[in-house]
Amino acid sequence: MSGSGMARLMLLDTASLYFRAFYGVPDTIRRSDGTPVNAVRGLLDMIARLTTDYGATHLVACWDNDWRPQWRVDLIPSYKSHRVAEVVDHGPDREVVPDPLEAQIPLIRKVLQLAGIAVVGVDGHEADDVAGTYATHATMPTDVVTGDRDLFQLVDDERNVRIIYTARGMKNLEVVTDVVVVGKYRVLPQQYADFATLRGDASDGLPGVAGIGEKTAASLLGRYGSLDGLLEAAQDPDGGVSAPVRAKLAAGSEYLKVAPVVVNVVRDLPVPSLEEVRAELVPVTGEARSELERLASEWNLGGSVKRLLEAFDAR
């Protein structure tokens, strides 16, 4: 436990962080044989800083067992399609991951394991869904670390769930609470998924409803409360929905039938408990520490591993 004695869970959108580390740390940082290790070092430094600065006592690295689940693609074929690599043998879709980063992912998994950091993924689901499940059922204050605004839907002041938003870099982290979501988008966090459905999101290949942008989406949800409430009102001649908006909703009706399932994170995955994955942060000791220090030397991870060990020693 941290010095305050208060339990606090931190959930990492791990791929979001190691991509950020890869692009944010110079690729001149390499092992003696020339293998890049910038993503590994950057990720470890992020974890050391985040757990320290935000007082995490429990940590789960949420993993993309499937970064583009087929069930989401079946509903919206354009989902993340711009991030799919062309595979000449027509094998499974692979996310476009630069080779120098791809080469570091096994080492990332190894280092997280040696540091005692719980890594949890669920087949057929994204890290977002793992984070959504843990955040929804957490019995302690929870911080979700991500650069993906989709997870704003998890923010819940009443349950002490916040987003630590990394989109502007580690020097400009933003703690996202109810008031921040309302300030940015004029909707409540629990309306965010409906808002994203209506507005669309090019970064995820979500088309949205043609002709309905952020302001209109926020205004409609402010008046009708939810997408279901809006669609119900649109079917009622006395529902108050203007003819142009009704026409746009009608044109997008097929999309609106399936999009909420794609946009809403799953909150009920069969994930192991925090106790089962040993999520509580403790100092790294014994053989694991020795092996981590050996890897740090072999792979030129020295300063980053040292900072991580010091952060966990302070638990």
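The values are calculated or read from the model by the stated rules, or taken from the named source; none is laboratory data. Just so it is clear, the model here is predicted, and its values are computed rather than measured. All Cβ positions, even for glycine, are placed from backbone atoms using ideal geometry, and neighbour counts span all protein chains on display.
Candidates in the stretch 278-298 are the residues that are among the aliphatic types (A, V, I, L, M) and exposed (fewer than 15 other Cβ atoms within 10 Å of the Cβ); of these, the one that is nearest to ALA61 (Cα to Cα) is VAL282. Condition check: hydroxyl-bearing (Ser, Thr, Tyr) and in a loop (DSSP other than H, G, I, E, B). Does SER290 satisfy that? No: the conditions fail for SER290. When the residues of the stretch 264-277 are filtered to those that are touching a Leu at 6+ places or on another chain (Cβ under 9 Å) and of a type outside the set (Val, Ile, Thr), the one that is surrounded by the most Cβ atoms within 10 Å (Cβ to Cβ) is LEU274. Close contacts from the stretch 277-297, counting a first residue that is touching a residue at least 24 places away in the same chain (Cβ under 8 Å) and a second that is surrounded by fewer than 13 Cβ atoms within 10 Å (Cβ to Cβ) and of a type outside the set (S, T, N, Q), with Cβ to Cβ under 7 Å and a gap of 6+ residues or different chains, come to PRO283/ASP313.
Here ALA247 passes the criteria (1) among the aliphatic types (A, V, I, L, M); (2) assigned by TED's automatic domain parsing to the domain that holds ALA202; (3) buried (at least 17 other Cβ atoms within 10 Å of the Cβ) except the one numbered (3). Residues of the stretch 65-84 that are modelled with pLDDT of 90 or more and not in a loop (DSSP other than H, G, I, E, B): GLN70, TRP71, ARG72, VAL73, ASP74, LEU75.
For the stretch 36-85, which positions are hydrophobic (A, V, I, L, M, F, W, C), more than 16 Å from the chain's Cα centre (by Cα) and under 29 Å from GLU275 (Cα atoms)?
Residues satisfying the conditions are ALA39, VAL40, LEU44, ALA48, ALA56.
Of the residues making up the stretch 116-172, just one is without any contact (Cβ under 8 Å) to a residue 40 or more places away in the chain, surrounded by 17 or more Cβ atoms within 10 Å (Cβ to Cβ) and assigned to a loop (DSSP other than H, G, I, E, B), namely VAL155. Within the stretch 186-225, restricting attention to residues that are in a helix (DSSP H, G or I) and basic (Lys, Arg), the residue that is farthest from the chain's Cα centre (by Cα) is ARG223.
Suppose we keep only residues that are touching a helix residue (DSSP H, G or I) at 6+ places or on another chain (Cβ under 7 Å) and part of a strand (DSSP E or B) within the stretch 23-64. Which one would you say is modelled with the lowest pLDDT? Here the answer is PRO36.
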